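All remarks here apply to the structure that follows.
Nothing in this text is a laboratory measurement; each read-out follows from the coordinates by a stated rule. Note that the structure is predicted; figures quoted are calculated from it, not measured. Heads up, the Cβs are rebuilt from the backbone with ideal geometry, glycines too, and the neighbour counts pull from every protein chain shown.
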Amino acid sequence: MAVTRSQFWLMAVPALSLIGSAMTPATAQPADLPIPPATASEYPQGVKIAKSSAYNVYANKRGLTLYGMDMRTLLRWNPDPAKYCQAECAAKWEPLLAPKDAKPNIMFPRGFGERRVAPGTPPPGLPAGFVSPQAAPDWTIIDGAAGPQWVYKGWHMVFVRKGSKRGSNDLDGAEGGTWNTLKFVPPVPVLTAPSNVAALFTSGAYALTDKDGRVLFTGQCDAICDGWVPFTGGMASRAIGDWQINTAPDAPQWHYRGKAVFVSQRDDPTSVPAGGTVLRP
Amino acid sequence: MTYAKARKRNLIRTACFLPLGGALLAVGPMTGVADFGSPAIGQQAVTKLPNPPADGIMGFVVEDFIPPVIQGKDACPEGTVRKVRDEYLAALPEAERTRLMLKENEEELVAKWQASLFGSNNTNICSQPDMFTRADMRTVQSKFSHGLDLDGGKSVDTCAHEEFASPAGVTGIDNQEYRVMGCTLEWRGVDGIAGDQAIGTRQFHASGEWTQVILLKGVDSLQHDDSVEVIYANTPDRPVQDSKGHFLRGASFSASTKLPRHRNVLHGRIENGVLTTDPQDIMLAQTWGQGGSRDIRGNRTKFDYRRGKLQLTFQPDGSLRGMLGGYKPVFDVIQSPGIGGVGSALVAGIDCAQYLQTLRKYADGIRDPKTGKCSGVSSAMQIRAIPAFVNDVPAAERMTKR
């Protein structure tokens, strides 16, 4: 069935956004979306990591959970969402301010929202010294409603809920996903491993997986070895780092530090059979 | 103020049993009533129904979830809603309009109508529709609409509105969303052909993004049953389709409560082969480009039907046909072009501000008890569901949910 022009636009705009997100993965903090790992080991002054039941979160010096105000959800209310939190919002949320003399280095993109002076006029580029939210490092500074304010992962202006208690994450996802706790996932480890080995953050630590996200494990199976599927390599595979290839079996199998490696086949790909030990970097 | 409630009651009793031919005659000159269902959707009982399974459990996957549009020129006698370019021209004095429409002035015209989509401080009519004032748009002039009677003849917590009659003659139909949106090209399409919305929603259901399942429990009879549990939920499982894009019957699906999916537990009863659920809030997945790098509102949208209810008729072929009705927050109606931003106006010609303003004018539900103002419109979606095996969310998992 033919797709009309308007239908294309209705469907295409969000779809294009999705493509963009795939190219710059996981910049979101909402719990139902992938949580991007931290890339920085230094935080704004006073910010620390606090333990939480489901996720570790960033907290301020008083131990109060930091929340990110996702600017993307607020475009309807203000063409510059960085200025959104005033009046009623400011009465509830305390911004994590940068030093007063700090120079902002990020701004909410104008893009489609830029007023067109004349047809065909391209939107102005970023001012010198600014980065786009898509390419932002973990911590940047934006010109907020109360002055220079910290931003996490490009989109999340950082606040503390006034009157909250230490360890409280109650408002995670509040107001339609506008307010989300700033969840901390450690930086991805650098691997020296076969090319189809990756690292997955699960159960509070990184585990090694195959390219499909199934955890790798070693160990000794008991009498019944169902589920102990060898992690195979190619005939031409070569040893790398702590990994060696054993070509003796019918299919070459990877060994890690001398132990045969298997790959989980379970419905929960992060679990392993009894007797198995998850490989961790 | 609601209209003709007392008269409606009497008409319902008789109209429910009108044969199809009689119903069409009652509609009069309307043509092309619907290309995907009976004009008495969800309101006419069928006579020959099989017995339900011995365990009383029946599963369905929703194949059609479509804003019901009644085609015919009586609905929009002045034509469909003007696109932003035409709206701009229409507001001009005739001489200026004539001048700008000359080919040599095309560039000037484009510059001017596009500039009209932007406001101060980088606002535009689709990203910040609240910040613009527009003329009202063309609305449906016909007295007929599909939908459900949501207020039951009472105006206690609704706002003034005119009611429709269904093509079968049932009066008291509440569907202000159709009144406002029913003349847009996205809804109406080229006359007689389903519009963009119909095509788009079908695609979203086929893709697994919005796919819905219905699970009935405790069904003793398809003709009469005083108490049926109805699980109306989303599933992450993508339907298998045949070469023409129809869902295959008897496929397996699992209900899911993992966001953005929802699971609604409703109570219903079957009367004369029609399943009707008690009014309660119903939420279902509606994702638009979730996780996008520019705007993630899509991930947060949902079908949000306040005081929603299902009215579904069992069909001899084992399928269900009918309606989901309820009151919808007005902004939800324009979520898609709103997320699209000014591109929705520049490319698709949609005036989101005009839509929102008109929706607010005709809002008839979700009334604020303090101000008396309504922020929602009555709405209906046409449903066709086919038999499927539906595995409910495990009990242990449900216990951990709110």
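In table form, for the structure just shown:
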read-out: Entries in A:LYS183/B:LYS373; A:LYS103/A:LYS183; A:LYS162/B:LYS302 that, when Cα-Cα distance is taken, lie over 31 Å; value: A:LYS183/B:LYS373
read-out: Taking B:LYS302, A:LYS211 and counting other C-beta atoms within 10 Å, the order from fewest to most; value: A:LYS211, B:LYS302
read-out: Straight-distance crosslink candidates among lysines, where the alpha carbon sits under 18 Å from A:LYS259 and sequence neighbours closer than 8 are dropped; value: none
read-out: Amide H partners (placed H, <5 Å) of B:THR301, local residues excluded; value: B:TRP288
read-out: Cα gyration tensor category, rounded, prolate or oblate, for segment A:198-278 with a/c compared to 1.5; value: oblate
read-out: Residue order, fewest to most beta carbons within 10 Å, for B:CYS352, A:CYS85, B:CYS126; value: A:CYS85, B:CYS352, B:CYS126
read-out: Candidates per trypsin sites (Lys or Arg not before Pro) in segment B:154-227, loop by DSSP, up to 16 other Cβ within 10 Å; value: B:LYS154
read-out: For segment B:97-114, 3J(HN,Hα) per residue [Karplus equation, 6.51 cos²θ - 1.76 cosθ + 1.60, θ = phi - 60°, Hz, x = Gly/Pro]; value: 4, 5, 5, 5, 7, 5, 4, 5, 9, 4, 5, 5, 4, 4, 4, 6, 6, 5
read-out: Nearest-0.05 FRET efficiency for B:ASN272 and A:SER132, computed from C-beta distance (R0 45 Å); value: 0.15
read-out: Shape metrics for segment A:46-185, restricted to C-alpha atoms - Rg then Dmax, Å; value: 15.7, 53
read-out: For segment B:318-402, radius of gyration divided by Kirkwood radius, i.e. Rg to Rh on alpha-carbons; value: 1.14
read-out: Geometric extent, Cα atoms of segment B:231-368 - Rg, Dmax (angstrom); value: 17.7, 51
read-out: For B:ASN391, residues with placed amide H under 5 Å, excluding near neighbours; value: B:PHE253, B:SER254, B:ALA255
read-out: Residue order, fewest to most surrounding Cβ atoms within 10 angstrom, among B:LEU148, A:LEU200, A:LEU96; value: A:LEU200, A:LEU96, B:LEU148
read-out: Whole-Hz couplings from phi, Karplus 6.51/-1.76/1.60, listed for segment B:158-167; x for Gly and Pro; value: 10, 10, 3, 7, 9, 9, 9, 10, 7, x
read-out: Reach of B:LYS48 by Cα under 30 Å, taken over lysines that are not fewer than 8 positions away in the same chain; value: B:LYS8, B:LYS217, B:LYS244, B:LYS309
read-out: Restricting segment B:59-118 to GluC sites (Glu not before Pro) in coil, as DSSP defines it, with at most 11 other Cβ within 10 Å; value: B:GLU78
read-out: Per-residue ³J(HN,Hα) for segment B:325-334, Karplus 6.51 cos²θ - 1.76 cosθ + 1.60, θ = phi - 60°, Hz, x for Gly and Pro; value: x, x, 9, 10, x, 4, 5, 4, 5, 10
read-out: Sparse-neighbourhood loop sites, trypsin sites (Lys or Arg not before Pro) in segment A:38-88 - DSSP loop, at most 12 other Cβ within 10 angstrom; value: A:LYS51, A:LYS61, A:ARG62
read-out: Where N is the number of residues in segment A:139-281, Cα Rg divided by 2.2 N^0.38 Å; value: 1.48
